[in-house]
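Participant: Starting off with a structure, shown below.
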Amino acid sequence: MKKNLLLLFLTLNFSFAHAELWVIAHPQNAAVSLTPQQVSDIYLGRLFGGNVPLQPLEINSDELRRRFYFALTGKPLVKIDAYWARLQFAGQQKPPRRLADPASVIKSISLNQDQIGFIEANTLPSHSGVKVVLKLE
């Protein structure tokens, strides 16, 4: 029994050993840093910057999306997807736009001041044309 518990504990520890997630923005974006609550509000369609809505971007990876939303809200991805399905069905909001990979998110944000996105810390090259506004464990 003790061996099984130890094995389970070690397995869980290794499965959660992921790179830190960083929320990134254009260097000229007014946000110097953001709180987890602000980022949550942006990604759930509840916060806008100035007169132009902030446009959140996602990477088309359920694993990264799961980690990101759980770190922000404590809710599983299935609940986040259901939330967006309800809003879309009611014609109220559209979910964040999904891009293929971290490089696409970085490139898009480097060209657009009104976008933010999230990536794994180890995928951000130096001189990428973006700044980090929040670090999530």
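Participant: For the range 118-127, give me each residue that is farther than 16 Å from E63 by Cβ and touching a residue at least 40 places away in the same chain (Cβ under 8 Å).
Facilitator: L124
Participant: Also: Out of curiosity, is Q28 at pLDDT 75 or above, farther than 19 Å from Y83 by Cβ and polar (S, T, N, Q)?
Facilitator: yes
Participant: On the basis of being modelled with pLDDT of 95 or more, over 16 Å from V132 (Cβ atoms) and in a helix (DSSP H, G or I), does I80 make the cut?
Facilitator: Criteria met by I80.
Participant: Does Q88 satisfy the criteria of being polar (S, T, N, Q), in a loop (DSSP other than H, G, I, E, B) and either in contact with a His (Cβ under 9 Å, 6 or more places away or on another chain) or within 22 Å of G45 (Cβ to Cβ) (or both)?
Facilitator: Taking the combined requirement at face value, the residue does not satisfy it.
Participant: Another one. Quick check on this structure: which one of L64, L54 is crowded, with 16+ Cβ neighbours inside 10 Å, at pLDDT 95 or above and among the aliphatic types (A, V, I, L, M)?
Facilitator: Of the residues listed, the single one that is crowded, with 16+ Cβ neighbours inside 10 Å, at pLDDT 95 or above and among the aliphatic types (A, V, I, L, M) is L64.
The values are calculated or read from the model by the stated rules, or taken from the named source; none is laboratory data. Remember, predicted model here, so these are calculated numbers, not experimental data. Quick reminder, even Gly has a Cβ in these numbers, built from the backbone with ideal geometry, and neighbours come from all protein chains shown.
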